[in-house]
There are 2 protein chains.
Amino acid sequence: MKRPTIADIAGRAGVSRSAVSFALNDQPGVSEETRQRVLAVASELGWRPHSAARALRGGRAGAIGLALQRPARLLGAEPFTMELISGLESELSARSCGLNLQVVEDTEAEIATYRRWWAEHRVDGVIVLNLRDDDPRVGVLEDLHLPAVVIGGPAGTGTLPSIWSQDASGMTDVIEYLAALGHRRLAHVSGDPNMRHIVDRADALREVCRLRGLPEPLTVRADYSDEDSAQATRRLLAAPDRPTAIIYHTDLTAVTGLEVALEMGLSVPDELSLVAFNDSRLCRLVNPKLTALAHDIPGRGAQAARMLFAAIEGGPGADSQPAEPYRLLPRGSTGVYRTR
Amino acid sequence: MKRPTIADIAGRAGVSRSAVSFALNDQPGVSEETRQRVLAVASELGWRPHSAARALRGGRAGAIGLALQRPARLLGAEPFTMELISGLESELSARSCGLNLQVVEDTEAEIATYRRWWAEHRVDGVIVLNLRDDDPRVGVLEDLHLPAVVIGGPAGTGTLPSIWSQDASGMTDVIEYLAALGHRRLAHVSGDPNMRHIVDRADALREVCRLRGLPEPLTVRADYSDEDSAQATRRLLAAPDRPTAIIYHTDLTAVTGLEVALEMGLSVPDELSLVAFNDSRLCRLVNPKLTALAHDIPGRGAQAARMLFAAIEGGPGADSQPAEPYRLLPRGSTGVYRTR
DNA sequence: GACGGCCGTGAAGCGCCCGACCATCGCCGA
DNA sequence: TCGGCGATGGTCGGGCGCTTCACGGCCGTC
């Protein structure tokens, strides 16, 4: 089977290659009659533009890039990435634009990937995840003039458009909810402090507690691993003045924390309330179900894709904007705190 | 910033473009001295081949394709896909080959995607997931002569190489394990009966039970959704002659089943044992932890990638082969059945 | 002096797009 | 009546970056 080219269509329709090109691209320069004839022949032959030829000619690569900086074992556990991808795809496929995926080890490798994509003309733009403080990726992308949309921010994205989650306000909602339930001693299992949104949450937590006259909240770090998450919760619960509510930076971490709490003989939510950032099915699979801060991740993916297209086309619509706010979904893991 | 081309290198090195091309591609036709000089200039300029130009010239697209036929909300919940991708990537990035991802609605859309990829020269080959009976994708890929590796089989893959999981033997292991624990009334929550591996498991279950003189196992279907999984388990446990052990086609389904069983007041594993196909972190997050049949998914992805490369290059190494067998990981959800 | 290796150059061409050009026709003013 | 002109509908050909085939000097050898 041979792929038909424009020349084949030209031959069959009895016109020149240019005429075919004009007809296929809705350009002026051919009569309506010729255009229809060309289109008919093209669809009969099943012609599709050769993406490489188009890209070479100086046009679009017809694909965007997504570099995932995650070890293999985590990529699976975390629903975030896949939900984001499916959201991206919903917009991409509507414009028959491809998605190039690359799993990278670290930031350095990610930057190398951007440079390679740029040099090889593989993508028209990229989506950047997990913004960090002084993120070197921003400068590189700006230098390359490679269109990009950052998921994160709003600070530190340079000239790149971004879509930022309202982490401080999400955290505030949680604290107010917990405070209303009578909790005073809060704790926070936090993530990588280099991540912008992680810092935003921690800052908000301290700030709101101070304003409301609550004691300084305990904070410990945990990565996504089982052991680390369990250890973090154990440390918090072993503290002399044990917290009555714990806020986790991830559903995964929270679920592990729940197991640990139950293991240690605590009753949830009677003696301990738990809240997770990032809702997912996981939160509903455990018992009691986890109270969570939910986000429309596929929706955000779609929004990011639209912004990226706007950035690529250089038109309007590529301005930074907030994602829709977190929604607090109270479930069985949080309850009224009764002083004993 | 301008991307350097071969002509730029040629100018700087004082040789013709052809010579540069030979040097960069390790072809004979240039002296060792010239080659070194060209390579030095190339790396100084940061030259990278323009992927579109190469593809146009008739070479490789430098990417493989993966079409995911899953609704958005499932893609996130299921760790399988991401683990597979990270396995694929480990091989791909070693050869600096890209991965093209596309989320599709149904088989028809998937086939359309293959045709488009082929016509647009976007990918050099594809990975096919979830083989079904009389799968139309096989014929299409054969017709297009688009190299492909099927994850599934071994039957029904036509001339396409495949890597097949040993589902019957996995199922047999489970039954023997459960039988050894004293279970006789087994049940099976099964998946889409059009999927080859699902049928293999069901067949093995019936066959082995017959051979061992166990009663005909109950079988119900459930998709990946919460409601469906819960409903399936409820139906089984409400049956007059309740099973003492249930085998689930997915960790997700099994976790939901566990919740339902606990809700219904059954003690796991004292009154009911549960086993899941597909181990994942999910199985260790619940209480009791789920006994599961584990698979090295990233490993299989890597193997599939290697086979696909072999198929693309037309060399040897593209023969169908079994994946490594399932490993049964007994955990807290299975135990001795004591007649009451 | 014919011949074969070795290095290197020139040019064609992959499929597509687009700027330059050209033929035809209708219309207008001289 | 006829030349000039603009609009319309089309053709020609170059070039994007890269590979590769055909060829052409140049040297050493029989």
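Mind listing the phi-derived Karplus ³J(HN,Hα) values for the range B:288-305, rounded to whole Hz, using 6.51, -1.76 and 1.60 with θ = phi - 60°, and x for any glycine or proline?
x, 5, 8, 5, 9, 9, 9, 9, 8, 5, x, x, 5, x, 4, 4, 4, 4
In terms of modelled amide H atoms, which long-range or inter-chain residues lie less than 5 Å from the amide H of A:TYR326?
Here the answer is A:GLN166, A:GLY170, since their amide H atoms fall under 5 Å of that of A:TYR326.
Enumerate the amide H contacts of A:LEU68 below 5 Å, restricted to partners 5 or more residues apart or on another chain; note that Pro and chain-start residues carry no placed amide H.
Here A:GLN102, A:VAL103, A:VAL104 satisfy the definition.
On average, how many beta carbons from a partner chain sit within 10 Å of the beta carbon of a residue in B:97-107?
On the way: counts 0, 12, 6, 5, 10, 6, 10, 2, 1, 0, 0.
Averaged over the peptide's residues, the number is 5.
Output the Cα-based Rg and Dmax of the range B:6-48 in Å, rounding Rg to one decimal and Dmax to a whole number.
8.7, 23
Can you list, shortest first and in nm, the gaps between the label point of A:GLU313 and those of its counterparts in the other copies, using a point 7 Å from Cα in the C-beta direction?
In ascending order, 4.3 nm.
Could you list B:LEU45, A:LEU68 so that the one with the fewest beta carbons within 10 Å of its beta carbon is first and the one with the most is last? Walk me through the numbers on the way to the answer.
Numbers: B:LEU45 14, A:LEU68 20.
Going from least to most buried by this count: B:LEU45, A:LEU68.
Relative to the longest principal Cα axis of chain A, at what angle does helix A:196-211 sit, 0 to 90 degrees, rounded to 10?
That helix lies at roughly 30 degrees to the long axis.
Using a Gaussian network for chain B with springs between C-alpha atoms less than 10 Å apart, which of these wobbles most: B:GLY125, B:GLY158, B:GLY213?
Maximum fluctuation in the GNM of chain B, among the listed residues, is at B:GLY213.
Averaged over its residues, how many other protein chain Cβ atoms are within 10 Å of peptide A:87-94's Cβ atoms?
3
Quick one: label points 7 angstrom along Cα→Cβ at B:GLU324, distances to the other copies in nm, smallest first?
Nearest to farthest, the other copies are at 4.4 nm.
Where does the protein assembly as shown land on the Kirkwood hydrodynamic radius, alpha-carbon pairs, in angstrom?
Working: mean 1/r = 0.0361 Å⁻¹.
The Cα-based Kirkwood calculation yields 27.7 Å.
How high is the relative contact order of the range A:167-294, in percent, with contacts defined as C-alpha pairs under 8 Å that are six or more residues apart? Show your work: numbers first, answer last.
Details: 207 pairs, mean separation 29.5, N = 128.
RCO, the range A:167-294: 23 percent.
Order of A:ARG235, B:ARG331 from fewest to most other C-beta atoms within 10 Å? Please list the in-between numbers first.
Working: A:ARG235 14, B:ARG331 18.
So the ranking, lowest neighbour count to highest, is A:ARG235, B:ARG331.
Over all residues in A:51-59, what is the mean tally of Cβ atoms on other chains that come within 10 Å of each residue's Cβ?
Working: counts 10, 15, 6, 3, 6, 8, 2, 1, 1.
Mean shielding count: 6.
If only Cα atoms are counted, what is the Rg of the range B:167-295, and what is its Dmax, in Å?
13.1, 35
I'd like the trypsin sites (Lys or Arg not before Pro) in the range A:133-201 restricted to DSSP loop residues with at most 14 other Cβ atoms within 10 Å, sorted by number.
Details: sites: A:ARG137, A:ARG184, A:ARG185, A:ARG196, A:ARG201; in loops: A:ARG184, A:ARG185.
Passing sites in the range A:133-201 do not exist.
For chain A, what relative contact order do you get, as a whole percent, if you take Cα pairs closer than 8 Å and at least 6 residues apart?
Values: 592 pairs, mean separation 55.5, N = 340.
Dividing the mean separation by the residue count of chain A yields 16 percent.
Report the convex hull volume per residue for the range A:110-162, counting only C-alpha atoms, in Å³. Show your work: numbers first, answer last.
On the way: hull volume 3.4 nm³, N = 53.
Dividing the Cα hull volume of the range A:110-162 by its residues yields 64 Å³.
Which of A:MET307, A:LEU68, A:GLY14 sits closest to the plus end of the dipole of chain A, meaning its Cα is farthest towards the positive end, when Lys and Arg get +1 and Asp and Glu get -1 on the C-beta?
Checked the options; the winner is A:GLY14.
Relative to the compact globular guide of 2.2 N^0.38 Å, what is the alpha carbon radius of gyration of chain B, as a ratio?
In units of the 2.2 N^0.38 Å rule of thumb, it is 1.27.
For a quick check: with amide H placed at 1.01 Å from N, whose amide H comes under 5 Å from B:ALA148's, ignoring anything fewer than 5 positions away on the same chain?
B:VAL126
Among A:GLY156, A:GLY314, A:GLY87, which one shows the highest mean-square fluctuation when chain A is modelled as a Gaussian network with alpha-carbon springs under 10 Å?
A:GLY314
Order of B:GLU142, B:GLU83, A:GLU108 from fewest to most other C-beta atoms within 10 Å?
Working: B:GLU142 14, B:GLU83 24, A:GLU108 10.
The fewest-first ordering by Cβ neighbours comes to A:GLU108, B:GLU142, B:GLU83.
Compute the distance from the alpha-carbon center of the range B:158-216 to that of the range B:125-152, in whole Å.
25
Relative to the first principal axis of the alpha-carbon coordinates of chain A, what is the inclination of helix A:167-180, with its axis defined by its Cα atoms, in degrees from 0 to 90 and to the nearest 10?
30
Calculated from DSSP H runs of 4 or more alone, at -39500 (n - 2.57) each and per residue, what is the 222 nm mean residue ellipticity of chain A, nearest 500?
Details: 14 runs with 158 residues, N = 340.
Mean residue ellipticity at 222 nm (helix-derived): -14000 deg cm²/dmol.
Lysines within cross-link reach of A:LYS289: Cα-Cα under 28 Å, excluding same-chain residues under 8 positions apart?
B:LYS289
What list of ³J(HN,Hα) values in whole Hz, one per residue of the range B:32-47 in order, does the Karplus curve 6.51 cos²θ - 1.76 cosθ + 1.60 (θ = phi - 60°) give from phi, with Gly and Pro shown as x?
With the stated coefficients, the range B:32-47 comes to 4, 5, 4, 4, 4, 4, 4, 4, 5, 4, 4, 6, 5, 7, x, 5 Hz.
Throughout, read-outs are computed from the coordinates displayed, never taken from laboratory work. The structure presented is a predicted model; accordingly, all values stated were derived computationally and were not measured. Cβ coordinates were reconstructed from backbone atoms using ideal geometry, including for glycine residues, and neighbour counts include every protein chain displayed.
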